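Nothing in this text is a laboratory measurement; each read-out follows from the coordinates by a stated rule. This is a predicted model, so every value here is computed, not measured. Neighbour counts are summed over all protein chains in view; Cβ atoms, including those assigned to glycine, are modelled from backbone coordinates with ideal geometry.
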Amino acid sequence: MSTPPKHFLRIRSFVYGLKLPVEAFKLIIKKKSLLMLSLIPIAITIVLYFYVISVAQAKAQTILIEYFEMWGLALDGALAFVLQIIFNILLFLISALTFTFISTMIASPFNDMLAEKSERFSSPPLAEVKNQTLKDQIRLVGIDLIKTIAATTAGIFALVFSWVPILNIIAMVITFLLISFQYVSYPQTRRSVKLKDGLRFLGKHMFSCTGFGLSVSFLFAIPILSSFALPLAVVGGTLLVGRTQKTETQFLLK
């Protein structure tokens, strides 16, 4: 059987990356352990967040009414009604945007466990990591820190050049790769994969990582929904690392 042209393989690889969140969703729904690890942080966020928002909204409404009285506006007047609508819309937008940040912080301790549980379901399954000593764990934290600094620096670079024609396309691809880098790092860091090897992984599997980063970016761009997309990114990144244990041609063909 002859090998397909390179451009065909690259398209297949890119499409595979695009579809990874869907594959992750199917896997999470099928496996109760993954579903629980996905839902627990989301449930905690919803309960905590809506409690905080309800308290903040009540306090803000009180302050707004005080300002109406100070300005001499009738509470049942048309202007006060319009201002209240605008205020509620702004409060909703702020809530939606900050929801993603708060849910990410709460989910952080669960993400590594979710990625670890997902490893056995990748194709082929990732080999189990031996029990790590305290020295190993400290070393892993150091590797993760270096990766975070590198990703942040590259992200600033991409943001600066996003306004320059032609270069903005390159910056956009870099951004997608950085997003992918965040989520393939979970199984890699657990296996002491160094920064240069993590970056080499992005270069070797650039099309699949770009497709994965693009689809995750789209999901993350939608407020509130982005919190539900976080487990898909974690599991999807793990599945991608597992799949690339095969040779490059096998990976792209299937």
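For the pair Asp76 and Arg200, label points projected 7 Å from Cα toward Cβ lie 7.6 nm apart. Sorting 113-126, 22-35 by their mean Cβ neighbour count within 10 Å, with the most densely packed peptide first, gives 113-126, 22-35. When the C-alpha to C-alpha distance is required to be over 20 Å, the pairs from Lys19/Lys196; Lys19/Lys130; Lys31/Lys204; Lys19/Lys194; Lys31/Lys130; Lys6/Lys204 that qualify are Lys19/Lys196; Lys19/Lys130; Lys31/Lys204; Lys19/Lys194; Lys31/Lys130.
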